[in-house]
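Here the structure is laid out as structure tokens; the discussion comes afterwards.
The values are calculated or read from the model by the stated rules, or taken from the named source; none is laboratory data. Being a predicted model, the structure only gives us computed values, none of them experimental. Heads up, the Cβs are rebuilt from the backbone with ideal geometry, glycines too, and the neighbour counts pull from every protein chain shown. All accessible areas refer to the heavy atoms of the entire protein, side chains included, with ligands and DNA or RNA removed. Shrake-Rupley method; radii C 1.70, N 1.55, O 1.52, S 1.80 Å.
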Amino acid sequence: MFSNGQMAVTPRDGGLGGDVVVVQTFPDSVHDRLFELFLALGAVRARGPRTITAVLPYLPYSRSDRPAFDGGPVPVRILAGIIETLGIDRLITFELHVPQLCAAFACPVVNLQFAPARVRHLGSAAVDGDMVVSPDFGGAKRAEHLAALLGCPFAVMRKHRRDDDDFRESVEILGDVAGRTIILIDDEINSGQTAFSAAAHLKAAGARKITLAAAHAIFTPSLNENWGRSQIDRIVVTDSVGRTDNFPDSVEVVSIGNEIAGALQAR
């Protein structure tokens, strides 16, 4: 790193003639880490590898999958274009916001799912009375998949935009949660506002305990305070992003190393 913030990336191995895997995570300084990834991919490609696989457990801009205004660019497609010009042959990522994002890349994309890791951590069979709940329609397939693996029912909530701001609140529950122990699932947690709002409605509808299980821990500084005021009893995330200063000690972390290793060996 130079004094003005510029970076230099040089592969240690002088050969690099075989199959190369480049791994990058994004716990903080996303744009610095993105440019570091670009430099690393360029440096590796210059050494003439047979193939390059990029492993990005969390794909930045994955929620920016539509234009901010009519006729505007789609940010995740711009990111995909830049990465592809650097010559990757395959991308391995984890729990994309929507599976259709794979189509943003021309190269093969392996989109790993959180459900198997959740099952390892939560148990292969649900305790009688458990239910998986998605806070919105977009996560219905995710909820259905996990519920099938756990052997329990699932429900979906409908989101409503409040008039006073742009916050979408999960308000209507399509399913009976009374007396249930809930596994509330989402692809990522930021401030937790949406999930904690959903939990309040679930408790009001008679749910007992609520576990929030999310793939990516994009924790903001307000997460701890929001959690303390919420109806969430337990939070489970993966190590797809990594710990930051905002990471609560009581959050349970599940490793996705097995999933990534399996994807790399499946060539």
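On a full-extension model of 0.36 nm per residue, what is the gain between residue 23 and residue 220, subtracting their alpha-carbon distance, rounded to one decimal in nm?
Details: separation 197, 0.36 × 197 = 70.92 nm, distance 2.37 nm.
Fully extending the segment from residue 23 to residue 220 adds 68.6 nm.
Looking at 220, 152, 48, which one has the Cα that reaches farthest to the positive end of the dipole of the chain (charges on Cβ: Lys, Arg +1; Asp, Glu -1)?
Sorting the options by dipole projection puts first 48.
Could you quote the convex hull projected area for the range 1-153, Cα atoms only and averaged over all directions, in nm²?
12.2 nm²
Taking 7 Å along the Cα-to-C-beta vector as the label spot, tell me the residue 78-residue 252 distance in nanometres, rounded to one decimal.
4.0 nm
Using a 1.4 Å probe on the protein heavy atoms, what percent of the accessible area of the chain belongs to carbon and sulfur? Don't jump to the answer; show the numbers that get you there.
On the way: 6670 of 13100 Å².
Ligands and nucleic acids excluded, carbon and sulfur reach 51 percent.
Between residue 265 and residue 35, how many nm apart are label points set 7 Å from Cα along the C-beta direction?
3.9 nm
Is the range 145-267 rounded, prolate or oblate when judged by the Cα gyration tensor, a ≥ b ≥ c being the square roots of its eigenvalues, rounded requiring a/c under 1.5 and prolate requiring a/b larger than b/c?
Note, shape of the range 145-267 comes out oblate.
Rounded to the nearest 500, what is the 222 nm mean residue ellipticity of the chain from helices alone, with -39500 (n - 2.57) per DSSP H run of 4+ residues and division by all residues? All intermediate terms of the calculation are to be shown ahead of the outcome.
Numbers: 7 runs with 74 residues, N = 267.
The helix-only estimate for the chain comes to -8500 deg cm²/dmol at 222 nm.
With a probe of 1.4 Å, find how much accessible area the chain has per residue, and write the answer as a whole number in Å².
Accessible surface, normalised per residue, equals 49 Å².
Which FRET efficiency, nearest 0.05, do residue 148 and residue 4 yield, Cβ-Cβ r, R0 51 Å?
That gives a FRET efficiency of 0.45.
Cα centroids of the range 184-224 and the range 1-55: how far apart, whole angstrom?
35 Å
Please state the shape class of the range 1-70: rounded when a/c is under 1.5, otherwise prolate if a/b exceeds b/c and oblate if not, all from the C-alpha gyration tensor.
oblate
Taking all pairs of different Cα atoms in the range 31-117, averaging 1/r and flipping that mean, what Kirkwood radius in angstroms comes out? Intermediate values should be presented prior to the final figure.
Numbers: mean 1/r = 0.0728 Å⁻¹.
Its Kirkwood hydrodynamic radius stands at 13.7 Å.
For a quick check of your reading of the filter: which chymotrypsin sites (Phe, Trp or Tyr not before Pro) in the range 1-85 sit in a DSSP loop and have no more than 11 other Cβ atoms within 10 Å?
Here the chymotrypsin sites (Phe, Trp or Tyr not before Pro) that fit, given the DSSP loop and packing criteria, are 2, 69.
Could you state the angle between the C-alpha long axis of helix 75-85 and the longest principal axis of the C-alpha atoms of the chain, as a value from 0 to 90 degrees rounded to the nearest 10?
Once rounded, the angle reads 30 degrees.
To the nearest 20 debye, what is the magnitude of the charge dipole of the range 108-267 about its Cα centre, counting +1 on the Cβ of each Lys and Arg and -1 on the Cβ of each Asp and Glu?
Here the range 108-267 has a charge dipole of around 360 debye.
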